[in-house]
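**Q** Below you will find the structure I want to go over with you.
The values are calculated or read from the model by the stated rules, or taken from the named source; none is laboratory data. Keep in mind the model is a prediction, meaning the values are calculated, not measured. Please note: Cβ atoms are built from the backbone with ideal geometry, for glycine as well, and neighbour counts cover all protein chains shown. Side chains included, ligands, DNA and RNA excluded: accessible areas come from the protein's heavy atoms. Shrake-Rupley method; radii C 1.70, N 1.55, O 1.52, S 1.80 Å.
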Amino acid sequence: MTGRIREADLTWWDALARVGADRRTFLVASAHSGSATEVLIAGGRERDYDSVRFTLPPGSGLPTRIPSALVSSGPAWSLVTELIDLQLSIETDAGLRFTDGVAPGGEGPVGAAEALLVAEAIRTGDPARVDAAVGVVGWERVPPWLRDFAFGASGQLTVSVLRPGQVGAAGIGTAQQFLSEGLPGAAVCVLNAIALRSGWGLLSPAGQGELTFEPVAALSLQAMLNAICDPIFTREAA
C-alpha cells in the first residue's frame, strides 16, 4: 500500500468522501465473527484504490460516527489482499482450519420458513422431533449443510459492489445504511459467504422465499474475492 493513516470520529459522509463513492463504483465488505465485525469500504480508479476500514463490537449496529478508522490507498492489485484478510480473520477467530475442505453439498433450493422450522427441531437434539419437522415440510431428509447451520454460522463474509447515482437497494445492511443516509446506489455484485464448522458455503436467495447453499473451498472463495474487485477498476470509475 502507498499510504495508511488512522483517523478518528469520521461521519459516514467523511468515509464515503475518502473513497470517492459519489462519483466512482465502490465496494462494501463486512466480516462478522464472534469477536467483532470488520467493515471495509473501497473506491477504485483505473490503477489504484482508496479504502476506509473499521471495527465494530459484536452485535452492534452501524454508528452515526465511526470512532476510529484506518484510511488507506494502494495499487489495484492489493485490494484483494484486504478482502482475503477479512476472510482469514473469520477463519482465525473461529479456529477454523480448512483450506481445501468444503461444507456439505447443496441440494437445491429450500424454503426459508421450512428451513427455520427444521433448524429449530435440530437444536432440540431430539431425532423424533427432527423427523416430525421434516415430515411437516415435506422433505425427504435434512440437507447436510442445515444440520451444521442450525447451530449458527462461525462467521459471515458479505461483499457488495455499488454504482453511484442509481436507485436501488444494496445486498447488505451497510449499504442499506448508505441509502438511508441519502446516497443512492445499486448493487451490481453481491457475495454472501457463510463459514460453518465444516467449511465455507454461499447462501443466496432463490426467489419465492427460497434459499440455496452452495459449498465452496476456502481457496475458491479467495478467487471469487479477486474477481469481485474487477467492476470497481474501470475507466468510468477513474
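**Q** Residues of region 41-52 being under 15 Å from Leu16 (Cα atoms) and either open to solvent by 40 Å² or more (accessible area, probe 1.4 Å) or out of contact with any strand residue (DSSP E or B) (no Cβ under 7 Å at 6 or more places or on another chain) (or both), which ones?
**A** Gly44, Arg45
**Q** How many residues are within 23 Å of Trp77 (Cα to Cα) and in a strand (DSSP E or B) if we restrict to region 1-58?
**A** Total meeting the criteria: 24.
**Q** Only one of these conditions is not met by Ser198: (1) touching a Lys or Arg at 6+ places or on another chain (Cβ under 7 Å); (2) open to solvent by 30 Å² or more (accessible area, probe 1.4 Å); (3) modelled with pLDDT under 80. Which number is it?
**A** For Ser198, the exception is condition (1).
**Q** Would you mention how many residues in region 152-169 are at pLDDT below 85 and open to solvent by 10 Å² or more (accessible area, probe 1.4 Å)?
**A** So the answer is 10.
**Q** Six or more apart or on different chains, Cβ atoms under 6 Å: show the pairs whose first residue is in region 1-22 and open to solvent by 30 Å² or more (accessible area, probe 1.4 Å) and whose second is at pLDDT below 80.
**A** Cβ pairs passing all conditions: Asp9/Arg65; Thr11/Arg65; Asp22/Pro164.
**Q** Could you tell me whether Ala218 is modelled with pLDDT of 85 or more, more than 20 Å from Leu16 (Cβ to Cβ) and open to solvent by 50 Å² or more (accessible area, probe 1.4 Å)?
**A** Against the criterion (modelled with pLDDT of 85 or more, more than 20 Å from Leu16 (Cβ to Cβ) and open to solvent by 50 Å² or more (accessible area, probe 1.4 Å)), Ala218 does not qualify.
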